[in-house]
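The values are calculated or read from the model by the stated rules, or taken from the named source; none is laboratory data. Treat the numbers as computed from the prediction; the structure is a model and nothing was measured. Note: ideal-geometry Cβ built from the backbone for every residue, glycine included; neighbour counts use all protein chains shown.
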Ligand SMILES: [Zn+2]
């Protein structure tokens, strides 16, 4: 499966389930999440319709997809290749600094998620 196909499956899961624990269950059932995946962001997620805005290939094994929720909130989805493409992270943009503070105490300066 190509990375973009996995992204589409993930976005479709969010759209069709609209239930955070159902989404986690599906991701686990389909074995498409990396062991390091932090579930709390999906469990606390309130948006279910996402549109792809930007794709950045960090290297051949790591791709970042920047998506936008229907209300315009930015999210970042990371896919990692480990024998197959897997969901590595699903993070909302930091509401403390909006990615503009390298020393932000909420996100640790990454601009995404919370520490
Ligand atoms: Zn921050």
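Here are the numbers:
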read-out	value
Residues of the range 7-21 classified as more than 10 Å from residue 50 (Cβ to Cβ) and in contact with a strand residue (DSSP E or B) (Cβ under 7 Å, 6 or more places away or on another chain), total	0
Selection from the range 48-80 of residues that are in a loop (DSSP other than H, G, I, E, B) and either out of contact with any helix residue (DSSP H, G or I) (no Cβ under 9 Å at 6 or more places or on another chain) or crowded, with 20+ Cβ neighbours inside 10 Å (or both)	60, 61, 70, 71, 72, 73
Residue in the range 81-94 that is within 8 Å of the ligand (Cβ to nearest atom) and outside any strand (DSSP E or B) present	yes
Residue tally, condition assigned to a helix (DSSP H, G or I) and at pLDDT below 95, over the range 1-21	0
Scope the range 22-47; condition in a helix (DSSP H, G or I) and crowded, with 16+ Cβ neighbours inside 10 Å; matching residues	23, 24, 26, 27, 41, 42
For residue 115: the one exception among (1) in a loop (DSSP other than H, G, I, E, B); (2) without any contact (Cβ under 8 Å) to a residue 24 or more places away in the chain; (3) in contact with a helix residue (DSSP H, G or I) (Cβ under 8 Å, 6 or more places away or on another chain)	(3)
